[in-house]
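Notes to accompany the following structure.
The values are calculated or read from the model by the stated rules, or taken from the named source; none is laboratory data. Keep in mind that this is a model prediction, so the values were computed, not measured. Cβ placement follows ideal geometry from the backbone for every residue including glycine, while neighbour counts extend to all protein chains displayed.
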Amino acid sequence: MKKRERDRKRTAIIIISIILFFIALLLIKKFYVTGKYVTGKSVNEQITIVPLSYSENGKVEGILESSQFIRDMPNKGIISLRFFKFENGERVWQSGFLMGKNAILNSGNPDIYLSLHSKYIPELNKDNLCEVIGKAKNNGDLGYYSDKNKASLMLKYAGMLKYAKCVGLSL
């Protein structure tokens, strides 16, 4: 009789734990997922985009298209890379790029959103994209956002695990 009672208590504890876990997940998502770019501002607010200079744009596009990073991306993976700078203490959003397998894309829904300070553009070359992104991250000049959970990203981007820290995932 006591064993049956202990089993009921264990089952009740497990069920309550599972329910609390899912409630916690919903609350975390509600409070931390605020939009595609986490800026501290309303998602519906209009954002003015200031284009990169012609030479900066060409350099970034060429580097992205020739980097090993973009060649290693999964066929249906999309990563957004948007640049920003600061003027008078305010963040100014600049041009962005959608990276897909072996190409810069014109449209798509990114799985990962990266924002990088444009002061790192002069340092970029086709071989050091992740190194520069890592440096920016260490200096607080990299933003990362994804509305996908870490497990689904790791499955989709399994062939890119060597870049996990580069794009903001810590294993």
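Cβ contacts < 6 Å: first residue under 23 Å from Gly77 (Cα atoms), restricted to region 87-102; second residue of a type outside the set (A, V, I, L, M) and surrounded by fewer than 14 Cβ atoms within 10 Å (Cβ to Cβ), any location; separation 6+ or different chain. Result?
Hits for this filter: Ser95/Pro51; Lys101/Asn75; Asn102/Arg71.
Name the one entry in Leu116, Leu161 that is free of Cβ contacts under 8 Å to residues at least 24 places away in the same chain and not polar (S, T, N, Q).
Values: Leu116 fails: free of Cβ contacts under 8 Å to residues at least 24 places away in the same chain.
Result: Leu161 is the single residue among Leu116, Leu161 that is free of Cβ contacts under 8 Å to residues at least 24 places away in the same chain and not polar (S, T, N, Q).
I'd like to verify a number: residues in region 100-117 that are within 9 Å of the chain's Cα centre (by Cα) and hydroxyl-bearing (Ser, Thr, Tyr), how many? Break it down into steps so the answer makes sense when it comes.
Of region 100-117, the ones within 9 Å of the chain's Cα centre (by Cα) are 110-115.
When the remaining residues are screened for being hydroxyl-bearing (Ser, Thr, Tyr), the result is 113, 115.
Residues meeting the conditions: 2.
Surrounded by fewer than 18 Cβ atoms within 10 Å (Cβ to Cβ), of a type in the set (A, V, I, L, M) and at pLDDT below 90: does that describe Ala164? Full working, then the answer.
Working: surrounded by fewer than 18 Cβ atoms within 10 Å (Cβ to Cβ): yes; of a type in the set (A, V, I, L, M): yes; at pLDDT below 90: yes.
Considered against the rule, which asks whether it is surrounded by fewer than 18 Cβ atoms within 10 Å (Cβ to Cβ), of a type in the set (A, V, I, L, M) and at pLDDT below 90, Ala164 comes out as yes.
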